[in-house]
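Have a look at the structure below before the remarks.
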Amino acid sequence: MTDGGPPEPLDSASRSPFDGVVYQIYPRSFRDASGDGVGDLAGITAGLDHLAWLGVDAVWLSPIYRSPMKDFGYDVSDHCDIDPTFGSLSDLDDLIAAAHARGLEVWLDFVPNHTSDQHPWFQDAIGSRDAPKRDWYIWRDPAPDGGPPNNWIRHFREGAPAWTYEEATGQYYLHQFLPEQPDVNWANPELREAMLDVLRFWVARGVDGFRSDVIHMIGKAPELADDEPPYAGHPRAGHHHEPDAVAPHLRAIRDCLDEVPGTTMVGEVNLPDPTQVATYVGPDRLHLAFQFGLLYVPWEAAAWRDTIRTVQSAFEVVGVPPTWVLSNHDWERIRTRVGGEDGARTAAVLLFTLRGGPFLYMGDELGQADAEVPPERAVDPGGRDGCRAPLPWTADPDQRHGWAGDPWLPWPPDPAAHSAEAQRADSRSVLHLHRRLIALRRTHPSLRAGEMRLLDSHDEVIAYERGGVSDDGGGARGVSAPLVRVLVNLGEDDVEVADGRAWRVLLTSDLDAAAEREAFPGVVRGRQAVVLELADD
């Protein structure tokens, strides 16, 4: 493939909600245009050409709403306005227009489980049991001993209760995160409609989709029973799955989104069992659901194979492809977890060739690792600063790597080499690998829509084929396409994987130009991934 221009974006008629590549932006760390050292909407707009060149289909912005920033935007004080940290509604309108002009969708982060304690809804609810919006939140009387109503604990402070006592009314309110993030009550019809109106507000402004934060938590069993062992006192206590309670809310959300066809939502369903995650998708539920299996597994071929097999099986039951995530704003970056660039390259090949929807976290396309953040610069209550380090745009440190101001967090390791400028100048860089993979996924029917079959192979090799039922790029099913085989060697040694058939090389993780389009020699090198096409198809 030449470097002459970006791959053609998929038009709305040919791209289902499951076909595109979504690029996650953590706005504070993407690009600063104002000079205050914090990324902003104008900076995102300035970086859209990078994303269009990369070839992604949609950009998802982590929260940009008005917020006291106790949890960096996941404590929303006004769902329908922009925090001045990032700009204004007008800046978002400009971003949406610029993105659409480049064939990019814009998705926002929807935070349905809780608000800020500074939100007007909560300010109305406190102080009186008869307040109009009292039931928009979850209140309970103290336990018989005068303590919290149940034994649930919260995030961000080990062992702390998920309840805060309000002296004025003698009741506790529930917050499964910070005390400044009270949980809302989706069982209240008025609250639910108000949350749906938030979605309608943004869709009317041109927003194309949403990522929904911890959506599995909005359906709470009315009795709010104690967590039993082994979950009592566990960091996930109180976050257990309540399928009967959440189902009607998912239907209401889907009905709301379907008011404007083509509006997509992916839900953060942080449950360990992919069969439970899969229950969140379907015609009367969400379009997509995150499953985070690849974030948790060790960098071992057997563990990755087992996770891929389990996830694929779970989503086949519901007839919707899974999503795949290697990094995000809450987790160590893939390069940090696998210990180097070769591993990150092979993981990228997996991300874009597995059956399902890839979500790419900003900076992974540059081979970025987590920053080392000294204690005096740590700001996140959950200790997630390292993966939120600023994205370097240029190689020159004297020009702050393309930022208008000194960034709010330290740079990731070796920011010059992992800047967008340096990576784009190197035709075999991690950035060019991502661009090539995205283009290959878009243009090859077997990778876009083909079935997937895991293969038996060497212990250190993850091997699978894509093909069978596929489409023609216009939605027609059953069109044949050349069979694709993917071989990912996680080990250090070269492995022979010849099977007697004639394969040609479409791409290697190290972008070996001499190997591409040539006959595959039957050996995959250590820490290398190859994408092959059956030559006689």
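The values are calculated or read from the model by the stated rules, or taken from the named source; none is laboratory data. Since this is a predicted model, take the numbers as computed values, not measurements. All Cβ positions, even for glycine, are placed from backbone atoms using ideal geometry, and neighbour counts span all protein chains on display.
Here's a check for you: in segment 512-537, which residue that is assigned to a loop (DSSP other than H, G, I, E, B) and among the small types (Gly, Ala, Ser) is farthest from Thr353 (Cα to Cα)?
The extreme case among them is Ala514.
Can you find, within segment 40-66, the residue that is nearest to Leu360 (Cα to Cα) among those that are assigned to a loop (DSSP other than H, G, I, E, B) and in contact with a strand residue (DSSP E or B) (Cβ under 8 Å, 6 or more places away or on another chain)?
Restricting to residues being assigned to a loop (DSSP other than H, G, I, E, B) and in contact with a strand residue (DSSP E or B) (Cβ under 8 Å, 6 or more places away or on another chain), the top hit is Val56.
Per-residue answers, yes or no, for (1) at pLDDT 55 or above; (2) closer than 14 Å to Thr346 by Cβ:
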residue	(1), (2)
Val461	yes, yes
Arg466	yes, no
Ser470	no, no
Gly475	no, no
Pro482	yes, no
Leu490	yes, yes
Glu496	yes, no
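Going through segment 84-103 one residue at a time, which ones are over 11 Å from Val207 (Cα atoms) and of a type in the set (A, V, I, L, M, F, W, C)?
Phe86, Leu89, Ala98, Ala101
Ala42 passes all but one of (1) touching a Ser or Thr at 6+ places or on another chain (Cβ under 9 Å); (2) farther than 18 Å from Gly267 by Cβ; (3) surrounded by 22 or more Cβ atoms within 10 Å (Cβ to Cβ); (4) of a type outside the set (Lys, Arg); which number fails?
(3)
Mind checking which pairs have a first residue in segment 200-216 that is touching a residue at least 60 places away in the same chain (Cβ under 8 Å) and a second that is among the small types (Gly, Ala, Ser) and not in a helix (DSSP H, G or I), Cβ under 7 Å, 6 or more apart or different chains?
Asp208/Ala58; Gly209/Ala58; Ser212/Gly267; Ile215/Gly267
Do we have Val266 as assigned to a strand (DSSP E or B), surrounded by 16 or more Cβ atoms within 10 Å (Cβ to Cβ), in contact (Cβ under 8 Å) with a residue 24 or more places away in the chain and of a type in the set (A, V, I, L, M) here?
yes
Please enumerate the residues belonging to segment 111-142 that are assigned to a loop (DSSP other than H, G, I, E, B), basic (Lys, Arg) and farther than 21 Å from Cys80 by Cα.
Once the filter is applied, which keeps residues that are assigned to a loop (DSSP other than H, G, I, E, B), basic (Lys, Arg) and farther than 21 Å from Cys80 by Cα, segment 111-142 yields only Arg129.
Looking at segment 416-461, which of its residues are hydrophobic (A, V, I, L, M, F, W, C) and assigned to a helix (DSSP H, G or I)?
Ala420, Ala422, Ala425, Val430, Leu431, Leu433, Leu437, Ile438, Ala439, Leu440, Leu447, Ala449
Across segment 134-150, what is the total count of residues that are out of contact with any strand residue (DSSP E or B) (no Cβ under 9 Å at 6 or more places or on another chain) and in contact (Cβ under 8 Å) with a residue 24 or more places away in the chain?
The qualifying residues number 1.
Here is a check on your reading of the model: is Leu391 touching a Pro at 6+ places or on another chain (Cβ under 7 Å), farther than 26 Å from Arg309 by Cα and not basic (Lys, Arg)?
no
Among the residues that make up segment 163-170, is at least one of them on the phi < 0 side of the Ramachandran plot, touching a residue at least 60 places away in the same chain (Cβ under 8 Å) and either out of contact with any Cys (no Cβ under 7 Å at 6 or more places or on another chain) or among the β-branched types (Val, Ile, Thr) (or both)?
No, segment 163-170 has no match at all.
Ser509 fails exactly one of the following numbered conditions: (1) farther than 21 Å from Pro358 by Cα; (2) polar (S, T, N, Q); (3) modelled with pLDDT of 95 or more. What is the number of that condition?
Of everything listed in (1) farther than 21 Å from Pro358 by Cα; (2) polar (S, T, N, Q); (3) modelled with pLDDT of 95 or more, Ser509 misses just condition (1).
Within segment 480-511, work out how many residues are closer than 23 Å to His434 by Cα and part of a strand (DSSP E or B).
Of the residues in segment 480-511, 12 are closer than 23 Å to His434 by Cα and part of a strand (DSSP E or B).
Being out of contact with any Lys or Arg (no Cβ under 9 Å at 6 or more places or on another chain), surrounded by 24 or more Cβ atoms within 10 Å (Cβ to Cβ), under 16 Å from Ile25 (Cα atoms) and of a type outside the set (Phe, Trp, Tyr) is true for just one of Leu391, Leu360. Which residue is that?
Checking each option against the conditions leaves just Leu360.
Across segment 269-282, what is the number of residues that are part of a loop (DSSP other than H, G, I, E, B) and at pLDDT 90 or above?
Final tally of qualifying residues: 5.
Within segment 171-180, is there a residue that is part of a helix (DSSP H, G or I) and either out of contact with any Lys or Arg (no Cβ under 9 Å at 6 or more places or on another chain) or surrounded by 15 or more Cβ atoms within 10 Å (Cβ to Cβ) (or both)?
No; the residues of segment 171-180 include none that is part of a helix (DSSP H, G or I) and either out of contact with any Lys or Arg (no Cβ under 9 Å at 6 or more places or on another chain) or surrounded by 15 or more Cβ atoms within 10 Å (Cβ to Cβ) (or both).
Please find, among Asp255, Asp284, Asp244, Asp306, the residue that is in contact with a helix residue (DSSP H, G or I) (Cβ under 6 Å, 6 or more places away or on another chain), among the acidic types (Asp, Glu) and without any contact (Cβ under 8 Å) to a residue 40 or more places away in the chain.
Result of the check over Asp255, Asp284, Asp244, Asp306: Asp284.
So that you can scan it fast, the table gives a plain yes or no per residue for (1) in contact (Cβ under 8 Å) with a residue 60 or more places away in the chain; (2) part of a helix (DSSP H, G or I); (3) aromatic (Phe, Trp, Tyr); (4) surrounded by 20 or more Cβ atoms within 10 Å (Cβ to Cβ):
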| residue | (1), (2), (3), (4) |
| --- | --- |
| Glu376 | no, yes, no, no |
| Arg384 | no, no, no, no |
| Cys387 | yes, yes, no, yes |
| Ala395 | no, no, no, no |
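So if I check each of Gly20, Gly4, Gly73, which one is crowded, with 21+ Cβ neighbours inside 10 Å, in a loop (DSSP other than H, G, I, E, B) and modelled with pLDDT under 95?
One residue alone meets the criteria, Gly20.
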